[in-house]
Amino acid sequence: TAEEVSFAANGITAAGLRAFDGVLQSNITLKTLDLSGNLVEDEGAKCLCDILANNSSIEKLQLNSANLGDEGAKAIAEMLKKNSSLRVLELNNNMIEYSGFSSLAGALLENNSIRNIHLNGNYGGALGANALAKALESNKSLRELHLHGNSIGDEGIRSLMAGLSSHKGKLTLLDIGNNSLTAKGAFHVSEYVRKCRSLLWLNLYMNDIGDEGAEKIAAALKENRSITTLDLGGNNIRAGGVNAVAQVLKDNLVITTLELSYNPIGPDGAKALAEVLKFHGNIKTLKLGWCQIGAKGAEFIADALKYNTTISILDLRANGLRDEGAQSLARSLKVVNEALTSLDLGFNEIRDDGAFAIAQALKSNDDVAVTSLNIASNFLTKFGQGALADARDHVLEMTEKEINIFL
């Protein structure tokens, strides 16, 4: 009488799924069924959906990487028109194209129980987004829409945002990362963000919105007071775009997670952020990995940390900080910081001198809150590693606080 059963990656095919009939009909406690990574294919999806059409216990169905195409999606759509217990449907990394998206969209017009749909890594394209958009105008139940990596493009996003703007429900999460969006697409997203009152989590990761797109999103965020997590990673945003986002944080206390990794913001972008975050905003998680900020950028961030009281998780991986950047951060760690619990400095060409400075800082600050320090993939010898291990032991002995150090 398990509530959750995983048959993931078990080599199950359509023939194997036929045996599920009796099991699923008689098992009324099963809530989650995971068949990801099996060769379910369209035929298997049809078998499964015949069984699930009248099932009233399963709330979560996972069919990720299951070799499903449009016919499989069509079978799932027909099942959704009859099933009223399913809340979460995961169909990531399959081969569902426009026609499959269109079938699922049709089901959304009739189904009022589905909350989360995951269609990441399929082939929906602009036409698939357009089909979903029309369904979203009438659907009231959807809370999360995951469409990462579907080649939607600017035109597809225009349709999707129009549909979402008329959506009667309360969408809380929208993932449209890796969809070939430019500044034009960002404009359509910003028009939706400006009006939306329910969205908590917006992912635009790995598009190409640039500074112009970042400025459009920033302008919309001045009017939005719901979004708590903003992911703009990998969007070719430079200092100008980051500056626009930073200015929003001056009087926005709602955004708590900001992901800007893989953007060439440079030291100037780090400076723009640091100047605002010194005394403003409510950012708890700040991700700036692969941002080319260098030692100078680290100095600006370190200075902000002396005053900031909210940042708990800071990711500065792969920024070419070297010893100089590590030493700047160490100086701040010496005098502060009761908020910072996790610091990631991996891939930064830091040598022993940088490690010694950080070790010294950890030892000399009794109020240090850091519980996780990643300094792996740097250029430490056994001496630098030893100093950090000593510092960890010293902190444990003196304050009974445990620091996990990844060397």
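The values are calculated or read from the model by the stated rules, or taken from the named source; none is laboratory data. Since we're looking at a predicted model, the values are computed, not measured. Neighbour counts run over all protein chains shown; Cβ positions are idealised from the backbone, glycine included.
Go through region 53-87 residue by residue and tally those that are of a type outside the set (D, E, K, R) and in contact with a Phe, Trp or Tyr (Cβ under 9 Å, 6 or more places away or on another chain).
Looking only at that region, the number is 1.
Here are L329, L362: which of them is on the phi < 0 side of the Ramachandran plot, surrounded by 18 or more Cβ atoms within 10 Å (Cβ to Cβ) and under 28 Å from the mean Cα position of the chain (by Cα)?
L329
Which of the residues spanning region 369-404 are small (G, A, S), farther than 15 Å from K334 by Cα and touching a residue at least 24 places away in the same chain (Cβ under 8 Å)?
Those that are small (G, A, S), farther than 15 Å from K334 by Cα and touching a residue at least 24 places away in the same chain (Cβ under 8 Å): S372, A376, S377, G384, A387.
Scanning region 79-97 for residues that are buried (at least 18 other Cβ atoms within 10 Å of the Cβ) and of a type in the set (D, E, K, R), which turns out nearest to the chain's Cα centre (by Cα)?
The extreme case among them is E90.
Quick check on this structure: which one of N93, N120, N67 is at positive phi, out of contact with any Ser or Thr (no Cβ under 9 Å at 6 or more places or on another chain) and without any contact (Cβ under 8 Å) to a residue 60 or more places away in the chain?
N67
Is region 173-194 home to any residue that is over 22 Å from G210 (Cα atoms), at pLDDT 95 or above and out of contact with any strand residue (DSSP E or B) (no Cβ under 8 Å at 6 or more places or on another chain)?
no
Return the only residue of H167, H148 being modelled with pLDDT under 95 and part of a loop (DSSP other than H, G, I, E, B).
Matching residue, one of H167, H148: H167.
Please specify each residue of region 64-84 satisfying the condition of being assigned to a helix (DSSP H, G or I) and of a type in the set (G, A, S).
Correct list: G72, A73, A75, A77.
Can you tell me which condition D315 does not meet? The list is (1) more than 25 Å from L232 (Cβ to Cβ); (2) touching a residue at least 40 places away in the same chain (Cβ under 8 Å), and all the others hold.
The one condition D315 does not meet is (1).
Filter region 33-51 down to residues that are hydrophobic (A, V, I, L, M, F, W, C) and assigned to a loop (DSSP other than H, G, I, E, B) and give me whichever is surrounded by the fewest Cβ atoms within 10 Å (Cβ to Cβ).
Only one residue tops the list, namely L39.
Return the residues of region 17-30 that are in a loop (DSSP other than H, G, I, E, B), surrounded by 15 or more Cβ atoms within 10 Å (Cβ to Cβ) and not polar (S, T, N, Q); say none if nothing qualifies.
Hit for region 17-30 is L30, nothing else.
Of all residues in region 344-356, which are of a type outside the set (D, E) and either crowded, with 22+ Cβ neighbours inside 10 Å or over 19 Å from K296 (Cβ atoms) (or both)?
L345, G346, N348, I350, G354, A355, F356
Between A239, A246, A220, which is closer than 16 Å to R158 by Cβ, at pLDDT 95 or above and of a type in the set (A, V, I, L, M, F, W, C)?
Of A239, A246, A220, the one residue that is closer than 16 Å to R158 by Cβ, at pLDDT 95 or above and of a type in the set (A, V, I, L, M, F, W, C) is A220.
Say whether the condition of being touching a residue at least 40 places away in the same chain (Cβ under 8 Å) and closer than 24 Å to R225 by Cβ is met by at least one residue in region 175-183.
Yes: region 175-183 contains one or more residues that are touching a residue at least 40 places away in the same chain (Cβ under 8 Å) and closer than 24 Å to R225 by Cβ.
Identify all residues within region 97-134 that are more than 16 Å from Q62 (Cα to Cα) and in a loop (DSSP other than H, G, I, E, B); write none if there are none.
Matches in region 97-134: E97, N111, N112, S113, Y123, G124.
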